[in-house]
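Accompanying notes for the structure given below.
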Amino acid sequence: MSSVKCYSPYISPFDPCPPKLKKCYSTPPNLYIPFQPMHSEQFSTAREALYHGTLWTCLYDPYNPKRTGDEN
């Protein structure tokens, strides 16, 4: 199970731009956890939890978008 999903968009024969054959997007980890498990591990300090945006380590997602110069 991966948090990055990819798909192949429709490519029109009349599209003037070069096609992107594969597009990907990131999904958050809370989509794969139907309920909070008991005794979930927490970040050690409040500062660390605020920095990560969640109290529980299993819900943290280090979203790292891949930036390229040819987007948009």
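The values are calculated or read from the model by the stated rules, or taken from the named source; none is laboratory data. These numbers come from a predicted model, not from an experiment. Don't worry about glycine lacking a Cβ; one is built from the backbone with ideal geometry, like all the others, and counts go over all protein chains shown. For accessibility, only protein heavy atoms count, side chains too; no ligands or nucleic acids. Shrake-Rupley method; radii C 1.70, N 1.55, O 1.52, S 1.80 Å.
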At a 1.4 Å probe radius, carbon and sulfur cover how many percent of the accessible area of the chain?
58 percent
What ranking, highest mean first, results for peptides 55-61, 43-49 when packing means the other Cβ atoms within 10 Å averaged over each residue?
55-61, 43-49
How much length is gained on full extension from residue 17 to residue 54, taking 0.36 nm per residue of separation minus their Cα-Cα distance?
9.3 nm
Could you tell me the relative contact order of the chain? Use alpha-carbon pairs under 8 Å, at least six residues apart, and round to a whole percent.
25 percent
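Go ahead and run the numbers for FRET between residue 32 and residue 10, Cβ-Cβ distance against an R0 of 30 Å, rounding to 0.05. Don't skip to the end; give the middle numbers.
Working: r = 28 Å, r/R0 = 0.93.
Plugging the Cβ-Cβ distance into 1/(1 + (r/R0)^6) gives 0.60.
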Roughly how big is the chain's charge dipole about its Cα centre, with Cβ charges of +1 (Lys, Arg) and -1 (Asp, Glu), in debye to the nearest 20?
160 debye
Positive-end residue of 13, 35, 49, charge dipole of the chain with Cβ unit charges
13
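Identify the trypsin sites (Lys or Arg not before Pro) of the range 1-40 meeting these criteria: DSSP loop state and at most 16 other C-beta atoms within 10 Å of the C-beta. Intermediate results must be reported in sequence, preceding the final value.
On the way: sites: 5, 20, 22, 23; in loops: 20, 22.
The qualifying sites are 20, 22.
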